[in-house]
1. Please note which strands (runs of 3 or more DSSP E) are completely contained in segment 118-200 and include at least 2 residues that are more than 16 Å from the chain's Cα centre (by Cα) and under 29 Å from Lys9 (Cα atoms).
2. Would you confirm, using the coordinates I've provided, whether Arg59 is on the phi < 0 side of the Ramachandran plot and either among the aromatic types (Phe, Trp, Tyr) or surrounded by 18 or more Cβ atoms within 10 Å (Cβ to Cβ) (or both)?
3. Report, by residue number, each residue of segment 123-148 that is out of contact with any Asp or Glu (no Cβ under 9 Å at 6 or more places or on another chain), farther than 19 Å from Trp224 by Cα and not hydrophobic (A, V, I, L, M, F, W, C).
4. Kindly provide the set of residues from segment 171-213 that are more than 12 Å from the ligand (Cβ to nearest atom) and polar (S, T, N, Q), ordered by number.
5. Working only within segment 62-78, note down all residues that are surrounded by fewer than 16 Cβ atoms within 10 Å (Cβ to Cβ), among the small types (Gly, Ala, Ser) and farther than 19 Å from Asp45 by Cα.
6. Taking the criterion of being touching a Ser or Thr at 6+ places or on another chain (Cβ under 8 Å), away from the ligand (no atom under 14 Å from the Cβ), under 21 Å from Ile30 (Cα atoms) and in a loop (DSSP other than H, G, I, E, B), would at least one residue in segment 56-69 satisfy it?
7. Within segment 145-192, which residues are over 30 Å from Ala232 (Cβ atoms) and of a type in the set (Asp, Glu)?
8. Looking at (1) part of a helix (DSSP H, G or I); (2) surrounded by fewer than 17 Cβ atoms within 10 Å (Cβ to Cβ), which is the only condition Met81 fails?
Amino acid sequence: MQQHIFDDKAALAEHFGQLLRQMSQEKEKIYIALSGGSTPKAIFDHLAENYQKQLPWERLYFFWGDERCVAPDHADSNYGMTKTHLFDKVPVPADNIFRVKGEQEPTKAAEAYEIQIDRTLPQENNLPAFDLMLLGMGDDGHTASIFPHEMTLWDSPLLCEVATHPESGQKRVTLTGKVINNARHILFLVTGSNKAEKVQEIIKQSGQWRNYPAARTSADKTTWLLDKDAAALL
Ligand code: 6PG
């Protein structure tokens, strides 16, 4: 498991942009599962501002690692956030965007998303293989929408499951461990001092690390991109 520490979000975002550019020079089609929440906003803003022409948007295919079960124009929608901060500002074809239909009944949305992923992505190890799995981490150690109280979802035989937010009860569709760990590269984008304790426990395999879904990714494929605040205890 590697980690890179950056002075601030802008430096982290620039590194991510360069990484994406390098990947797109090595392969024709790049399949990316995006993370949601607030951390990616600054990264998407940076790409929108600085990578209009520096990325082959027509060869990038976007999915999400998880989505809230809300309409695409709802304030909580990860698709809606990405559209606002990125897709509305760069020339990515609409056909290259595969959102979870958050407005549908959650189980139906999860089933449809699983079929979409299975049909669209190349297969490796008889599983759909993302080139890049972007993940965030909650301050409780969750990732995608697999929370510590539903750790069993990580080991589901399915590619997608319906999860429940522990506080709000909000339903979410999430990728499971088998497809997350089948990605070629797993990249955590984590910033902020409120994440520092869990980052330390997971990377140093100390404290309650085994209870955190974010600790379950394949170490040999995982890189943490951290700002100084999130890395303060390393
Ligand atoms: C989501 C995310 C989730 C997120 C973490 C961190 O839908 O909320 O995919 O896994 O990455 O909760 O969220 P912040 O970036 O808002 O801290």
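1. Qualifying strands (runs of 3 or more DSSP E): none found.
2. Working: on the phi < 0 side of the Ramachandran plot: yes; either among the aromatic types (Phe, Trp, Tyr) or surrounded by 18 or more Cβ atoms within 10 Å (Cβ to Cβ) (or both): no.
In short, no.
3. If the condition is that a residue be out of contact with any Asp or Glu (no Cβ under 9 Å at 6 or more places or on another chain), farther than 19 Å from Trp224 by Cα and not hydrophobic (A, V, I, L, M, F, W, C), then Gln123, Glu124, Asn125, Asn126 are the ones that fit.
4. Answer for segment 171-213, where residues must be more than 12 Å from the ligand (Cβ to nearest atom) and polar (S, T, N, Q): Thr176, Asn181, Asn182, Gln200, Gln205, Ser206, Gln208, Asn211.
5. Across segment 62-78, the qualifying residue is only Ala71.
6. Checked segment 56-69: at least one residue is touching a Ser or Thr at 6+ places or on another chain (Cβ under 8 Å), away from the ligand (no atom under 14 Å from the Cβ), under 21 Å from Ile30 (Cα atoms) and in a loop (DSSP other than H, G, I, E, B).
7. Within segment 145-192, Asp155, Glu161 meet the criteria.
8. (2)
Every number in this text was worked out from the coordinates using simple rules, so none of it is lab data. Note that this is a predicted model, so its numbers are computed, not measured. Glycine gets a Cβ as well: all are built from the backbone with ideal geometry, and neighbour counts include every protein chain shown.
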